[in-house]
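Worksheet: one structure, shown below.
Laboratory data are not the source of any read-out in this text; all were calculated from the coordinates shown. Keep in mind it's a predicted model, so treat the numbers as computed, not measured. Every residue, glycine among them, receives a Cβ derived from its backbone with ideal geometry; neighbour counts consider all protein chains shown.
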Amino acid sequence: MILSPRDQITTPQATVIVINFILGTGLLTLPRSSAEKAHTPDVWISVILGGVIAIIAGVIIVKLGQQFPKKTFYQYINEIVGKWVGGLLNLAIICYFLMTSGFQLRSMAEVIRYFLLQGTPTWAITMTFMWVSLYLIIGGINPIARLFEIILPLTVILFLVVSFMSIKIFEINNLRPVLGEGVIPVLKGVKTTALAFTGPEIMLLLIPFMNQPKKAVKAVLVGVSISLIFYVITVVMVIGALSVDGVAMRTWPTLDLIRSFEVSGLIFERFESLLLVVWIMQIFSTFTITYYAASLGLAQLSKKSIQPFMFGLLPILYIIAMIWKNVNDLFKFGDFIGNFALFLFGLLPLLLLIISRIKGGKYETIT
Amino acid sequence: MKQSHSHIRPLFISISALLFLSLTGCWSSHEIEEQSLVIGLALDKGKQSSIEKKLNEQGEGYSKRNLITATYQFITPEVASSTTKQAGPQQKSYVNASETGDSNHQIVRELSLRSEQPLTGYHMKVVVISEDLAKSYKLEQLLNQNLRDSEVRLSCLVLISKGKASKTLETKTAGGIPAFRLVGIVENAYRSTRILPPMSYTKVESKIQSESSFLLQNVLSANGEVKFAGAAVIDGKTHTMTGFLNEEELEGITWITGKGKGGVVKSFDKETGQLFVYEIESMKSSIIPRVTGNNISFDVNIESDGRLSENWVLSGNAFESEFLKKAEKSFENEVKRLVGNVIEKMQKEYRVDVAGFGNHLRIENPKVWKKVKKDWDQTFSETPINYHVKLTIKDYGTLGS
Amino acid sequence: MIMKDWISKINKTGKVTNNDKQEASTSQGTTGQFTDNFILNLEMVRQEIGHNWDVHFREFNLGRTGIRSIIIFVDGLSDKDLIDKHIMPSLMVDFSAEYKQNLPSFKEGISKEFIKNQVLSISDVEEVRSSKELASKVLTGSTALIIDGLLDAQILGTTKLKTRTIEEPVSEALVRGPRVGFTESLSDNTSFLRGSGEIENLSLVKFQVGKRSKKDLVVAYIKDIVDPELVQEIENRIKKIDIDNVPESGYVEQLIEDNYLSPFPQVQNTERPDRVIAALMEGRVAILLDGTPFALIAPVTLSMVLQSPEDYYERWIPGTFIRMLRYLAAILALFTPSLYIAFISFHSGLIPTKLAISIIGTRSGVPFPALIEALFMEISIEILREAGLRLPKPIGPAMGIVGGLIIGEAAVQAGIVSPVLVIVVALTAISSFSIPQYSTGFTLRILRFPAMLCAATFGLYGVILFFLFMASHLVKLKSFGVPYLSPAVPYRLSEWKDLMIRMPLMMMKRRPKMMHTKNPIRKG
């Protein structure tokens, strides 16, 4: 597949893609999943640490990619480890993207069905969602980036509005004492929180599309940091209002936070609709970019055009989303994907970077 | 460079297929005017109403134990249209319906057998649980369905009632809606120290999960009138109601926690026996745990600013600071009395900590808290508490003497 | 031999039958080229256009000579004044004077140079060599002059179309701004562009479109600002127009736009010269078509179709306020009915309790679900609007009152619709009318309906999906290479000065980057 030269994205666009990828289901479940492990209100520190880890991983990925500025990961992996291992790794990454898409799709369907549309069959919800996504990615990376640039400011504004409303029921005492139980619980929580930051791996295939690949490091840095701020605010507000014990038992704590207060007089009175709007758009963006990444991978692996894969992946994604029988299975799937990601994007890029550096500067001439 | 449309056709085909399928139903659509909005719920000990008895005699009933009588207060479309179209003043603005059974959810669904408009819980504002029920069943069992439900919002308030809860949901005022009235009174917290900060489902649940004891506001009812009076003590371990604080004791609690936003303190001048009243503008309290070895004690420092708002002491001249000082001392003593009373009750009679002492210990000395948190209520009953009160009269209104 | 037959035939009837036509053409060739035979030439012309009742043939002799000539013109299209006062005198009265003076050199006849240079006191003179060309010129208002002995016919520019007086365009009225609008005459319009002040490097390039009814089309741009690729692209597309008649610029718009399937206009149309000039200054290209006052501007982005020149004529604070109001109106126009349906039919829990109760109260008698109600009212409003356009002036306003108040009020009283819906529909209608560009307002009105259907099937989720779908479409749409949603996306902060807010003029120093202009700084 030839990367058409016109399909370029700017550095801010790359940043926006990273942010939108990272923010997804985590917005709703992070407070619980991290509080479950750590049992202390200090999980916001775990979140920050998790973010730092993600930044490091992201930078490694970028450095790896910058050695091959015009190629995506799918294309240059062969040069590092050879055709067979490379092909296998490619398949693994494609599977990861597919699984993430399916997971996001199903979580979205679950929340929508429960909170907004009680009687609607799941297939209607998922299929319309997938179709809009398909319509978008057919245009290539550029429309995707542009749409993300529209979604992001909306997300930011609505999210901040909603968070600040919840100050009404916020109790600082729920967050104290800081580090009351020591650092160990904080560290326990880091594993879960780091996994909420899966997203920078998209840089594996974004670098060749960027019109200034040198700035990719900046893009990752800014991208992860902004998502970090979002997550910290979420965790702080949720735990501040619900307290650690309250959070541990709720399935979708952030949503519960918004439902816990009413501001009478202000237009809506109930603001969970705003949060749901934000969240649907974020899931849409995560789903779209992973969908695109998987299609791109398959296309580059088989050296064919991308469009048949885009259509062909539709039923596969649907199946992946629908397999899980209940919400618990879904969450376990999510954890599995997280662990998979840890290996694929935590360890692997580092290994590859080392190998490629060892193999010497012969790659540097290919620019 | 016109845009290529080579991929339009498969897109069109897929979207048409999708659209045709979707048009078959607007599955979740429930028109708003076909629903009844539940705005309040009262839970009483199971006792069938006369209608139920009659219906049961005719039908065969279903398997249930008559544990709970749930009274739902809702607004039906007829009621709503009559209020908006300004019908006669005698019209009631709400409807109450009761059902008896053992499962909350089943009871709600029972009501769908009796009325054509299904109930929706999105707008439920308040839940009143009667004393008897609260004493016999765990709170989280009674509220379980609501806490799980996606419809009922977690902002719903929880109140306890002495006597029948369903009576608090009745009113004789034309056009009045009892559930809204209850919620409205909660918002009067800035006018009295006898109103607790609102306990919503969220807060109740956090307290239950953390196994700490807490208070729930109590409501009395008589003849269609209600009054907020006192609070019920919910034990952290059993999650049932184990005690009751009367109005003055509740005042004491408000002073201890420092969460009051307004109110009055009445006191009597020692010399003349006349009363004067202090209006609270702001109050603040800090609870400081002191740990020495294995001994825990608490210092409570209460401060408040306010004004002299009513003075029956004829010889008192507010322009003189002597008098003001005397008044201050008198008020401080009154507050001390309230605080002392309630601490006594908490520690000796009910043996629970409902004023948040444990919380402060947790924040200041987490290590110690870890050790004592299991049986905190017991430990608390033996912890000495020292309290100091400092009141400042900032002004005295527009009248000097 | 042939000629004799013809002369006799002319003398009899003045008409030529088909057979003769064929004979004539076979001997002349199919081009209708003029020969040196005056009568033959005349015959060819008469075949071509003689059957039209408004084509007049005036034969005369040049001055005091015996040289036959004829002028051919269309009554109504030509400037009779010019013909009577300048052409005829110069050929009949004054000619003799010249002729006499230069008598020695004119023994054999006259030459066309002499006629053109010395005799015809007209500013606009051309030559044609065939009857076809002559016919097309005459039929557009010029006067043809055929002189015995000359191979060419002279075409004198006497076109005088009846044009309107200049008035403010009805569809784009402003509170503050020049009350000038384009007219149907292309030359008038281009004169507006040249304007009361000189625009440096303004280029006006002419094309002809329409195979049968050839219309003049002018492409205007400022040579040292515009991106030459853009001009090339536009000219290419215009050249590719292959249709027999182009009555209005709308046809041109539809034939050169990028994506005919999109509901959004990719070419802007306007009747205001000030708008066109502002656009040219930004590096865009304007297209003017003879016969219509609506000029086209390309490329266009979404923000441009939501702007009005008034934003710039007022100071920046009112300008910003009005602009933000307009964006809000656009969103309201699009989403209000669908949000209404979503909340009423699906998510009654998301609206405030008191509002929910009053809505229940007012809706309890209504027999229809929210979607049917909304569709009913929206479609009625559309029909009313359409009808209002066709009504004669005296009835128009009254119809508005009838439609709005009485029908709406009556519908509520009858219990067919709820009062809340009437407010929603009215708000939507008013919002959509506040969009300055008529085509865009229309687009928003149309898009309301799919939004309502999405809301009716999936509630709030449907509205969100619809928004995402529309945003995806807009993000892919390009107008002549410029992404439709510039300058909002991709992010270019320096361009946001003119997007939602309108920064003071002092701060808007650069031309929009998206136009890839050659001359980025406005001042000088």
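Using helices alone, I'd like the mean residue ellipticity at 222 nm for chain A: each DSSP H run of four-plus residues gives -39500 (n - 2.57), total over residue count, nearest 500.
On the way: 15 runs with 262 residues, N = 367.
Per the formula, -24000 deg cm²/dmol.
With no solvent and one equal point scatterer placed on each C-alpha of the stretch A:239-367, evaluate the Debye formula and give log10 I(q)/I(0) for q = 0.17, 0.18, 0.20, 0.21 Å⁻¹, two decimals.
Per q value, in the given order, log10 I(q)/I(0) is -1.17, -1.22, -1.31, -1.34.
For the stretch B:32-245, take N as its residue count and report Rg(C-alpha) divided by 2.2 N^0.38 Å.
Values: Rg = 16.9 Å, N = 214, 2.2 N^0.38 = 16.9 Å.
That works out to 1.00 for the stretch B:32-245.
Suppose every Lys and Arg Cβ carries +1 and every Asp and Glu Cβ carries -1, with no other charges. What dipole size does the stretch A:5-342 come out with about its Cα centre, to the nearest 20 debye? Mind dumping the intermediate values first?
Numbers: 24 positive and 16 negative charges, 194 e Å.
Its charge dipole is roughly 940 debye.
Which residues in the stretch C:318-360 place their backbone N less than 16 Å from a point set 7 Å from the Cα of C:R176 along the Cα-to-Cβ direction?
Taking a point 7 Å out along Cα→Cβ of C:R176, the residues of the stretch C:318-360 whose backbone N falls under 16 Å are C:318-324.
In a Gaussian network model over chain A where Cα atoms closer than 10 Å are linked, find which of A:F115, A:F159, A:F129 has the largest mean-square fluctuation.
A:F115
Describe numerically, in nm with one decimal, the distance between label points set 7 Å from Cα along Cα→Cβ at C:L261 and at C:E127.
5.5 nm
Once the Cβ-Cβ distance between B:N295 and A:L187 is put in as r, and R0 is 25 Å, what FRET efficiency do you end up with, to the nearest 0.05?
Numbers: r = 33 Å, r/R0 = 1.33.
It comes out at approximately 0.15.
Could you list C:H86, C:H51 in order of exposure, starting from the residue whose Cβ has the fewest other Cβ atoms within 10 Å?
On the way: C:H86 18, C:H51 9.
By the 10 Å Cβ count, ascending: C:H51, C:H86.
Just report the Cα centroid separation between the stretch C:354-380 and the stretch B:161-197, whole Å.
Cα centroid to Cα centroid, the span is 33 Å.
Nearest 0.05, what FRET efficiency do C:I331 and C:I423 give at R0 = 22 Å with Cβ-Cβ as r?
Working: r = 17 Å, r/R0 = 0.77.
So, using R0 = 22 Å, E works out to roughly 0.85.
Residues of B:70-76, mean number of Cβ from any other protein chain within 10 Å of their own Cβ, rounded to a whole number?
Values: counts 0, 0, 0, 0, 0, 5, 2.
What the average comes to for B:70-76 is 1.
According to the square roots a ≥ b ≥ c of the eigenvalues of the Cα gyration tensor, what is the shape class of the stretch C:312-483, taking rounded for a/c under 1.5, prolate for a/b larger than b/c otherwise, and oblate for the remainder?
Details: a/c = 1.73, a/b = 1.17, b/c = 1.48.
The shape class here is oblate.
Just counting partner chain Cβ atoms within 10 Å, what average do the residues of peptide A:126-132 show around their Cβ?
Numbers: counts 0, 5, 13, 4, 2, 8, 11.
That works out to 6 on average.
Using only alpha-carbon positions, what ratio does the radius of gyration of the stretch A:296-337 give when scaled by 2.2 N^0.38 Å? Please report the intermediate quantities before stating the final value.
Values: Rg = 13.8 Å, N = 42, 2.2 N^0.38 = 9.1 Å.
Compactness ratio reported: 1.51.
Output needed for the stretch A:5-342: three equivalent-ellipsoid semi-axes, defined as square roots of 5 times the C-alpha gyration tensor eigenvalues, in descending order, whole Å.
Numbers: eigenvalues 215, 103, 70 Å².
After diagonalising the Cα gyration tensor, the semi-axes are 33, 23, 19 Å.
Please report, for the Cα atoms of the stretch B:247-401, the Rg to one decimal and the Dmax as a whole number; what are they, in angstrom?
Every Cα atom of the stretch B:247-401 included, Rg and Dmax give 17.7, 56 Å.
Of A:S107, A:S305, A:S285, which is the most mobile in a GNM of chain A whose springs link Cα atoms less than 10 angstrom apart?
A:S305
Measuring from label point to label point, each 7 Å out along Cα→Cβ, what is the C:V402 to C:Y438 span in nm?
Here the answer is 2.3 nm between the modelled labels.
How many nm is it between the label spots at A:I172 and C:I395, if each spot is 7 Å from the Cα in line with the beta carbon?
Label at A:I172, label at C:I395, 7.2 nm between them.
Which of the peptides A:35-46, B:50-61 is most tightly packed, and how do the rest follow, going by the mean number of other Cβ atoms within 10 Å of each residue?
Values: A:35-46: 23.8, B:50-61: 10.8.
Going from most to least packed, we get A:35-46, B:50-61.
Which whole number gives the average count of other chain Cβ atoms within 10 Å of the Cβ atoms across peptide C:130-138?
Mean shielding count: 0.
State the volume of the convex hull built on the alpha-carbon positions of the protein assembly as shown, expressed per residue in Å³ and rounded to an integer. Provide the component values of the computation, followed by the final result.
On the way: hull volume 361.0 nm³, N = 1292.
Output value, Cα hull per residue: 279 Å³.
Considering chain B as a Gaussian network with a 10 Å cut-off on Cα pairs, which listed residue, B:K162, B:K125, B:K227, attains the greatest mean-square fluctuation?
Result for chain B, Cα springs under 10 Å: B:K227 fluctuates most.
Taking a 23 Å limit on the Cα-Cα distance, which of the listed pairs C:K137/C:K214; A:K214/A:K304; A:K63/A:K218; B:K53/B:K167; B:K345/B:K367; B:K92/B:K227 fall beyond it?
Beyond 23 Å between Cα atoms: A:K214/A:K304; B:K345/B:K367.
Going by C-beta contacts inside 10 Å, put B:C156, A:C95 in order with the fewest on the left. Can you show the working numbers first?
Working: B:C156 26, A:C95 16.
With the sparsest Cβ surroundings first, the list reads A:C95, B:C156.
For A:F21, C:F335, what ranking results if the residue with the fewest other Cβ atoms within 10 Å of its Cβ goes first?
Working: A:F21 27, C:F335 21.
Ranking A:F21, C:F335 by Cβ neighbours within 10 Å, fewest first, gives C:F335, A:F21.
Could you tell me the center-to-center distance, by alpha carbons, between the stretch B:300-365 and the stretch A:80-109 in angstrom?
About 66 Å separates the Cα centre of the stretch B:300-365 from the one of the stretch A:80-109.
One quarter of the convex hull surface, Cα atoms only: what value does that give for chain B in nm²? Display every interim value, and only then the final one.
On the way: hull surface 135.8 nm².
For the Cα atoms of chain B, the hull's average projected area reads 33.9 nm².
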